[in-house]
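Please read the structure below before turning to the comments.
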Amino acid sequence: MYDIVVIGSGPAGLSAAITARMRSKSVAVISNLRTGSGLYKAPKVDNYPGFPAISGAELLNKFSLHAAGTGAEIIQGRVTSILPMGEQFGVSYGSEIAAAKAVILATGVVQTSLFPGEEALLGSGVSYCATCDGMLYRGKKVCVVCLSPDAEEEAAFLESIGCEVVRLTTKNIVINGEHKVASVTADGVEIPCDGVFILRPSIAPATLVPGLLTAGGHIQVDPRMRTNIPGIFAAGDCTGAPYQVAKAVGEGLVAALSAVEYLAGAK
Ligand SMILES: Cc1cc2nc3c(=O)[nH]c(=O)nc-3n(C[C@H](O)[C@H](O)[C@H](O)COP(=O)(O)OP(=O)(O)OC[C@H]3O[C@@H](n4cnc5c(N)ncnc54)[C@H](O)[C@@H]3O)c2cc1C
């Protein structure tokens, strides 16, 4: 059980992890590959104090080394759900679940519009995690919407356990079915199937955490980076513009301090 699990290893998440470790909290940062951060793609960052003309990848590397050096555990994985379990949270990634007393969301901007039918059939044939739910479809036909770097690995896993897999790479998807998935329409072609695995690099915050308040795709927070769910905090691009490193780092710090305060009250 960790005191704090941070989702996302961009500037906001790593800043939060560093501050939480300074306050002696046990911290895990669970994140996609570093290349998933917007910062990794910045050829040159000119407005982060102290590091003029540094490349985004180099700055991110420095943040990452700093966070790891404080003792934060950096775990590679795509988080698929965060669920309250009594006084703690269960953070699912791959086939694993990490338990945390508090969670900080630092997932960056998620430009994800859901496919028609996706929300209504989530858990009734729609899944975001082959490793978690694959066994339910053994011997059955499933569509895999391959939009994330790990999608091929997940599709191959489904085949290895005996699923008939149809790989789809289009975003023109409609999921059909009354109470459970009956078929997927991809680029106008209907494919009968028992399930559909949608593998995106990111998952919309409100899908990740049921009941989380968002507006315009951004997580709603108060000035102390508290969300509407006690024990869950958010920082960085996921809370809204300006999408800038300095803002993300500052919010990460505030979120960590608020999480530490929450943990003190929770004792
Ligand atoms: C080309 C470009 C140039 C830029 N130039 C500048 C600049 O010069 N100056 C500046 O200040 N800002 C710049 N930015 C913006 C800056 O990169 C962002 O503001 C900053 O990276 C936001 O940090 P963050 O931690 O909130 O999110 P991110 O850096 O996006 O990190 C979020 C991380 O969370 C991971 N993640 C998301 N969902 C999940 C999940 N479900 N499970 C596991 N991991 C997940 C993502 O893969 C990613 O690694 C630039 C951005 C781009 C794209």
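The values are calculated or read from the model by the stated rules, or taken from the named source; none is laboratory data. What you see is a predicted model; the values in this text were computed from it and never measured. Note: ideal-geometry Cβ built from the backbone for every residue, glycine included; neighbour counts use all protein chains shown.
Got a number for residues in the range 20-42 being more than 14 Å from the ligand (Cβ to nearest atom) and in a helix (DSSP H, G or I)?
3
With respect to the numbered conditions (1) more than 21 Å from A67 (Cβ to Cβ); (2) of a type in the set (D, E); (3) exposed (fewer than 15 other Cβ atoms within 10 Å of the Cβ), which one is the sole condition not fulfilled by E261?
Only one criterion is unmet by E261, namely (1).
Name the residue that is surrounded by the fewest Cβ atoms within 10 Å (Cβ to Cβ), counting only residues in the range 126-163 that are in contact with a helix residue (DSSP H, G or I) (Cβ under 9 Å, 6 or more places away or on another chain) and closer than 19 Å to V189 by Cα.
C146
Yes/no per residue for (1) modelled with pLDDT of 95 or more; (2) crowded, with 23+ Cβ neighbours inside 10 Å:
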{"residue": "I4", "(1), (2)": "yes, yes"}
{"residue": "I7", "(1), (2)": "yes, yes"}
{"residue": "V27", "(1), (2)": "yes, yes"}
{"residue": "A42", "(1), (2)": "no, no"}
{"residue": "N47", "(1), (2)": "no, no"}
{"residue": "E58", "(1), (2)": "yes, no"}
{"residue": "I75", "(1), (2)": "yes, no"}
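Taking the condition aliphatic (A, V, I, L, M), under 19 Å from the mean Cα position of the chain (by Cα) and over 24 Å from G211 (Cα atoms), does L60 pass?
yes
Name the single residue that is nearest to the ligand (Cβ to nearest atom) among those in the range 175-202 being assigned to a loop (DSSP other than H, G, I, E, B) and in contact with a Lys or Arg (Cβ under 8 Å, 6 or more places away or on another chain).
This residue is P201.
Let's see how each residue does on (1) more than 11 Å from the ligand (Cβ to nearest atom); (2) part of a loop (DSSP other than H, G, I, E, B); (3) surrounded by fewer than 18 Cβ atoms within 10 Å (Cβ to Cβ):
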position: L83; (1), (2), (3): yes, no, yes
position: F89; (1), (2), (3): yes, no, no
position: I97; (1), (2), (3): yes, no, yes
position: A102; (1), (2), (3): yes, no, no
position: T107; (1), (2), (3): no, yes, no
position: S113; (1), (2), (3): yes, yes, yes
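Quick check on my filter: what residues within the range 43-62 are under 11 Å from V245 (Cα atoms) and not charged (D, E, K, R)?
V45, N47, Y48, P49, G56, L59, L60
Quick one: how many residues across the range 203-236 are in contact with a helix residue (DSSP H, G or I) (Cβ under 6 Å, 6 or more places away or on another chain) and among the polar types (S, T, N, Q)?
Of the residues in that region, 1 qualify.
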